[in-house]
Amino acid sequence: MTDPRFSVVILAGGQSRRMGRDKRALPWTPASDGSPQTLLGHVVATVSRLTNDVVLVANDDPAVTGARVVGDLYPRSGSLGGIYSGLAAAAHDLAFVAAADMPFLNPMLILDLVGRASRMDAVVPVTGGRPEPLHAVYRKTVLAPARRQIERRELKIALVFDAVSTVEAPEADVRALDPDLRSFWNLNTPEEYQRALALAGDHGASGA
């Protein structure tokens, strides 16, 4: 069942330099109906079960169904520019943001983070003592301070958390839903891709 309270923004504009090919088009485990799917298609399908609004931030048009594609409003501004662009285009005031190369997104963890938002501007999980800004929830009130940072070329996402009301999700709470923290895996190299693909094949693409 989809939840009308929030959008999902997927950042899909990376260069894939270390992978050597477009990560978004990497073959992934078959969909539930047995049809072939790409890594990006799998990520979009996972989050589409949670919301009626999936926004894909990309500077081209990757062949994927179930998402609206929007361009980067601030090119060469890194992930912060992508967050800004996706959040600006989101249909809802609240949005969960993740990267396109994170194959083990956990729906229960996403819903838990959204549930923590209340009147906060941002919800960010913490693992290993560090925030995870590319697996976090943002409200549209983040747009103004993010834009100011981008215009000053201060592109560190963590600075946004200092400028708005932010709540952290402690690692213990995160591990209660995702014991191995697979939600935060992102694939940068062929070796990481093969490891994730093997794990998905053995245990299911959700990482459950």
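The values are calculated or read from the model by the stated rules, or taken from the named source; none is laboratory data. None of these values were measured; they are calculated from a predicted model. Every residue, glycine among them, receives a Cβ derived from its backbone with ideal geometry; neighbour counts consider all protein chains shown.
State all residues of segment 152-208 that are part of a loop (DSSP other than H, G, I, E, B), among the small types (Gly, Ala, Ser) and at pLDDT below 95; if no residue qualifies, say none. Steps first, answer last, please.
We begin by selecting, within segment 152-208, every residue part of a loop (DSSP other than H, G, I, E, B); these are 152-157, 164-165, 170, 178-181, 185-189, 204-208.
So of that shortlist, the ones also among the small types (Gly, Ala, Ser) come out as 165, 204-208.
Once the filter is applied, which keeps residues that are part of a loop (DSSP other than H, G, I, E, B), among the small types (Gly, Ala, Ser) and at pLDDT below 95, segment 152-208 yields Gly204, Ala205, Ser206, Gly207, Ala208.
Quick check on this structure: which one of Ala146, Ala198, Ala158, Ala169 is in contact (Cβ under 8 Å) with a residue 12 or more places away in the chain, among the hydrophobic types (A, V, I, L, M, F, W, C) and exposed (fewer than 15 other Cβ atoms within 10 Å of the Cβ)?
Details: Ala146 fails: exposed (fewer than 15 other Cβ atoms within 10 Å of the Cβ); Ala198 fails: in contact (Cβ under 8 Å) with a residue 12 or more places away in the chain; Ala169 fails: exposed (fewer than 15 other Cβ atoms within 10 Å of the Cβ).
Among Ala146, Ala198, Ala158, Ala169, only Ala158 is in contact (Cβ under 8 Å) with a residue 12 or more places away in the chain, among the hydrophobic types (A, V, I, L, M, F, W, C) and exposed (fewer than 15 other Cβ atoms within 10 Å of the Cβ).
Between Pro133, Pro145, which is outside any helix (DSSP H, G or I), under 24 Å from Arg5 (Cα atoms) and of a type outside the set (S, T, N, Q)? Spell out the reasoning first.
Values: Pro145 fails: outside any helix (DSSP H, G or I).
Exactly one residue qualifies, and that residue is Pro133.
When you scan segment 51-59, do you find a residue that is at pLDDT 90 or above, within 15 Å of the chain's Cα centre (by Cα), of a type in the set (D, E, K, R) and closer than 29 Å to Glu151 by Cα, even just one?
In the first step, residues of segment 51-59 are kept if they are at pLDDT 90 or above; the result is 51-58.
Filter again for within 15 Å of the chain's Cα centre (by Cα), leaving 51, 53-58.
From what's left, of a type in the set (D, E, K, R): 53.
If we keep only those that are closer than 29 Å to Glu151 by Cα too, we end up with 53.
Yes: segment 51-59 contains one or more residues that are at pLDDT 90 or above, within 15 Å of the chain's Cα centre (by Cα), of a type in the set (D, E, K, R) and closer than 29 Å to Glu151 by Cα.
In segment 19-42, what residues are in contact with a Phe, Trp or Tyr (Cβ under 9 Å, 6 or more places away or on another chain) and either modelled with pLDDT under 75 or surrounded by 16 or more Cβ atoms within 10 Å (Cβ to Cβ) (or both)? Spell out the reasoning first.
Taking segment 19-42 as the starting set, the residues that turn out to be in contact with a Phe, Trp or Tyr (Cβ under 9 Å, 6 or more places away or on another chain) are 19, 23, 26, 36-42.
Within segment 19-42, Met19, Lys23, Leu26, Gln37, Thr38, Leu39, Leu40, Gly41, His42 qualify.
Find the residue count for segment 105-114, including only residues that are crowded, with 18+ Cβ neighbours inside 10 Å, within 12 Å of Leu177 (Cα to Cα) and among the hydrophobic types (A, V, I, L, M, F, W, C). Even if it seems obvious, please write down each step before you answer.
Let us first name the residues in segment 105-114 that are crowded, with 18+ Cβ neighbours inside 10 Å, namely 105-106, 109-110, 112-114.
Imposing the further condition that a residue be within 12 Å of Leu177 (Cα to Cα) reduces the set to 105-106, 109-110, 112-113.
Of the ones still in play, those that are also among the hydrophobic types (A, V, I, L, M, F, W, C) are 105, 109-110, 113.
Here the count works out to 4.
Scanning for something surrounded by fewer than 18 Cβ atoms within 10 Å (Cβ to Cβ), under 20 Å from Asp93 (Cβ atoms), touching a residue at least 60 places away in the same chain (Cβ under 8 Å) and more than 16 Å from the chain's Cα centre (by Cα), does segment 115-136 turn up at least one residue?
Of the residues in segment 115-136, the ones surrounded by fewer than 18 Cβ atoms within 10 Å (Cβ to Cβ) are 115-116, 118-120, 126-130.
Then keep just the ones that are under 20 Å from Asp93 (Cβ atoms); that gives 115-116, 118-120.
Add one more test, that the residue is touching a residue at least 60 places away in the same chain (Cβ under 8 Å), and what stays is none.
No, segment 115-136 has no match at all.
Output the residues belonging to segment 35-79 that are among the hydrophobic types (A, V, I, L, M, F, W, C) and closer than 23 Å to Arg5 by Cα. Give the steps one after another, and end with the answer.
So the first thing to find is which residues in segment 35-79 are among the hydrophobic types (A, V, I, L, M, F, W, C), and the list is 39-40, 43-45, 47, 50, 54-58, 63-64, 67, 69-70, 73.
Residues satisfying the conditions are Val43, Val44, Ala45, Val47, Leu50, Val54, Val55, Leu56, Val57, Ala67, Val69, Val70.
Any residue in segment 169-186 that is closer than 21 Å to Arg17 by Cβ and of a type outside the set (Phe, Trp, Tyr)?
Looking for residues that are closer than 21 Å to Arg17 by Cβ and of a type outside the set (Phe, Trp, Tyr), one finds at least one in segment 169-186, hence yes.
Taking the criterion of being in contact with a Lys or Arg (Cβ under 7 Å, 6 or more places away or on another chain), among the small types (Gly, Ala, Ser) and buried (at least 23 other Cβ atoms within 10 Å of the Cβ), would at least one residue in segment 2-18 satisfy it?
Yes: one or more hits.
Output the residues belonging to segment 20-61 that are in contact (Cβ under 8 Å) with a residue 24 or more places away in the chain, in contact with a strand residue (DSSP E or B) (Cβ under 8 Å, 6 or more places away or on another chain) and among the charged types (D, E, K, R).
Arg24, Asp53
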